Structure formats: structure tokens, C-alpha cells
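Each remark here refers to the structure printed beneath this line.
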Amino acid sequence: MYTTPARPASHAGLFNARYPGPNAASTAITALDWYEVATYTQKYMSIWHPPEPPGYPEWVQVADTLLVLDDWACLEWLFDGANGTHPQAADPRMWLNGAELTWPAPFVFSDPATTTRPIQEKAQNFTVLEAGVYLYQGLATTTNWWIDDLAVGKQRIGCN
């Protein structure tokens with residue numbers, strides 16, 4: 001990904017992977033659980049969302065790493081919805097240029113507010129993949145984003 005000339009101060013989505021929960025009666029996009037990779041407060045972010053509406057509560061992780069500007073950055077995501085024998089889907093993981101990002105202060109976002117972490121339903125298969133920049137709020141500076149060489153696989157592909 002290449003971003004120039006400014007980091008967005010607000011939420012900008014980059015990639016979503018959606019799936020029906022184990023007991024889902026519908027496969028409509030609004031009925032799907034989903035992982036999102038994004039930016040927030042000029043840093044990388046990952047989110048686990050329940051179906052919309054209401055789409056809350058969300059499990060949010062914001063990295064301590066600023067979005068790369070004026071250079072190509074290799075971003076990798078791992079969404080382990082099956083998560084082996086664990087009772088819930090795994091938290092999203094993310095790598096920047098081969099180094100795994102850390103999430104120093106994960107939190108629950110909800111309206112109304114809560115501190116109860118959502119149950120991350122397990123996934124059998126991802127049924128919808130969405131790539132591209134989605135701006136949830138406006139930008140103060142016109143910003144260009146390029147996404148190139150998108151690859152999807154069942155295991156980590158790497159940035160070679």
C-alpha cells in the first residue's frame with residue numbers, strides 16, 4: 001500500500017473479511033460477522049465486528065505504529081476464524097513489512113457504551129472479501145492511496 005501526502009486522523013477502512021456465524025440463519029451481508037483492517041488516529045487498526053445493525057459491540061485494536069507515508073508498505077493480515085479448539089474466533093493479526101504489529105490498549109467500542117468484550121463467533125468460511133479505502137469521516141487533506149498486489153490465501157503468504 002502507498003499513501004501520500006497525509007495520514008488520516010480518523011477511521012479509514014482498508015480490507016474486510018465477512019462470514020456467517022455458526023448459527024446464522026441468513027447470509028445477507030448485514031447478517032455476517034466480520035474482520036476489518038483500517039487506520040485510526042494515524043495508526044493501523046484491526047476490528048472484529050458482529051453483524052449490522054447494530055454492528056456493536058466491536059473488539060478494537062489500535063497499533064502503536066504510524067501509517068507509512070510516501071513509501072510502499074507491505075501489509076499482511078491473518079484472520080483465523082476457525083481458531084482451532086478455542087471457543088471463539090481469534091483476534092486479527094497484522095504485519096507491516098514483515099514485523100508483527102502490537103496492540104497496546106485493545107478496547108470495546110459500543111453504542112451504548114460497554115466494557116463487555118463481544119463473543120467472536122467462529123467461522124467456517126469467509127464469504128465476502130472487500131478491498132479498497134473506505135473513509136468513515138472526511139479528510140482535511142486530499143490523500144492518495146494505492147493498493148497493489150493483493151493476494152489471499154489460507155496461510156501467511158509473506159512479503160518477498
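The values are calculated or read from the model by the stated rules, or taken from the named source; none is laboratory data. As the structure is a prediction and not an experimental result, all values here were calculated from the model. A quick note on method: Cβ atoms are made from the backbone with ideal geometry, for glycine too, and the neighbour counts reach across all protein chains shown. Protein only, heavy atoms only, side chains kept; ligands, DNA and RNA dropped before computing areas. Shrake-Rupley method; radii C 1.70, N 1.55, O 1.52, S 1.80 Å.
Key figures for this structure:
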quantity	calculated
Rounded to the nearest 20 debye, dipole of the range 1-67 from Cβ charges on Lys, Arg, Asp, Glu	180
Accessible carbon and sulfur surface of the range 1-44 relative to its total accessible area, %, 1.4 Å	51
Stretch gain in nm, segment THR127-TYR2, where the contour uses 0.36 nm per residue and the Cα spacing is subtracted	42.3 nm
Net +/- balance of residues flanking GLY98 in space, Cβ distance below 12 Å, scoring K and R +1, D and E -1	-1
Contact order normalised by residue count of the range 29-72, Cα under 8 Å, 6+ apart, percent	34
Per residue value of the accessible surface for the chain (all protein chains in place, 1.4 Å probe), Å²	56
